[in-house]
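Asks: Next up is a structure, given as structure tokens.
Values quoted throughout were computed directly from the atomic coordinates according to the rules given, and no laboratory measurement underlies them. It should be emphasised that the depicted structure is a prediction, and the values quoted were computed from it without experimental measurement. Here the Cβ positions follow ideal geometry from the backbone for every residue, glycine too, while neighbour counts run over all protein chains shown.
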Amino acid sequence: MPIDLTPDIQPTRVSEPEFEFVMQTRVLVNPKLRVLGNVGGSGDRKMLEILGGDFEGPKLRGKILPGGGDWPLLRPDGVGIVDARYTFETDDGVYINIINTGYRHAPPETLAVLDAKRAVADPNGYYLRTYTRFEAPLGKYEWLSKHVFVGIGERHPEVLFLRYFMLL
């Protein structure tokens, strides 16, 4: 039976999205990049080891534990897919996992600078964005497990800065 779509029924107006700054991370990576090879024709999979780092924001701060990783995929069209997982330890001893997925793309000359890991490319000249999920225990930081987050990245040799914003 067809649904009667009465033309005078309109959706309730939803407010425009607002974001709140949550933190900045400084992720230290092993400069030795491992190339794992082409994955079924979908692109070249690589591996970066997370050595540690730190994070700080208005509601939390602490360190990034060594042992996580990023397994980027470079698609045939030149777009990089972010696939990273690592663990935070807050300054009050709470462990929080972070799962980052996203995209990196830029003009070829900018990618050459980023991939050379010898210089800093203008962060306004490339796109490095993530959609991020946190796994936080119940308690003080459980709000991280209940919201949508986006990250804006800036790549430096051996360091990745990410600024995270919560969608309100």
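Asks: Quick check for the range 13-168: number of Lys pairs with alpha-carbon distance under 29 Å, counting only pairs 8 or more apart or on different chains?
Replies: 10
Asks: Determine, for each peptide in 30-42, 55-67, the mean count of other beta carbons within 10 angstrom over its residues, then list the peptides with the highest first. Spell out each step's value before the answer.
Replies: Values: 30-42: 10.6, 55-67: 15.6.
With the highest mean Cβ count within 10 Å placed first, the list reads 55-67, 30-42.
Asks: Could you please state, rounded to a whole Å, how far the C-alpha centre of the range 97-121 is from the C-alpha centre of the range 6-27?
Replies: A separation of 28 Å, based on Cα centres.
Asks: Which one, 162, 130, 119, projects farthest toward the positive side of the charge dipole computed for the range 87-168 from Cβ point charges (K/R +1, D/E -1)?
Replies: Going by the charge dipole, the pick is 130.
Asks: I'd like the distance between the alpha-carbon centres of the range 130-162 and the range 34-86, rounded to an integer number of Å.
Replies: Taking the Cα centre of the range 34-86 as reference, the centre of the range 130-162 is 13 Å away.
Asks: Same structure again: Binning every alpha carbon pair distance of the range 53-168 at 5 Å from zero, what are the percents per bin?
Replies: 2, 11, 20, 24, 18, 12, 8, 4, 1, 0
Asks: Quick one: putting +1 on the C-beta of Lys and Arg, -1 on the C-beta of Asp and Glu, what dipole do you get for the chain around its Cα centre, in Debye to the nearest 20?
Replies: Numbers: 20 positive and 22 negative charges, 106 e Å.
Around 500 debye, computed over the chain.
Asks: Another one. Karplus couplings for the range 162-168 from phi (6.51 cos²θ - 1.76 cosθ + 1.60, θ = phi - 60°), rounded to Hz, Gly and Pro as x?
Replies: My calculation for the range 162-168 gives 10, 9, 10, 10, 9, 7, 7 Hz in order.
Asks: Let me ask something additional. Over the range 19-167, calculate the relative contact order: mean separation of alpha carbon pairs under 8 Å at least 6 apart, over the residue count, as a percent.
Replies: Values: 377 pairs, mean separation 33.3, N = 149.
Relative CO of the range 19-167 lands at 22 percent.
Asks: Starting with the fewest neighbours, write out 138, 114, 160 ranked by other beta-carbon atoms found within 10 Å of each beta-carbon. Display every interim value, and only then the final one.
Replies: Values: 138 7, 114 19, 160 22.
The order, fewest Cβ neighbours first, is 138, 114, 160.
Asks: Something else now. First select every other residue whose beta carbon is under 15 angstrom from the beta carbon of residue 77; then total the charges, Lys and Arg +1, Asp and Glu -1. Show your work: numbers first, answer last.
Replies: On the way: positive: 75, 104; negative: 44.
Residues close to residue 77 contribute a combined charge of +1.
Asks: Also, quick follow-up: Fewest to most neighbouring Cβ within 10 Å: what's the order for 113, 14, 82? Write down the numbers at each step before the final one.
Replies: Working: 113 17, 14 6, 82 22.
Starting with the residue having the fewest Cβ neighbours, the order is 14, 113, 82.
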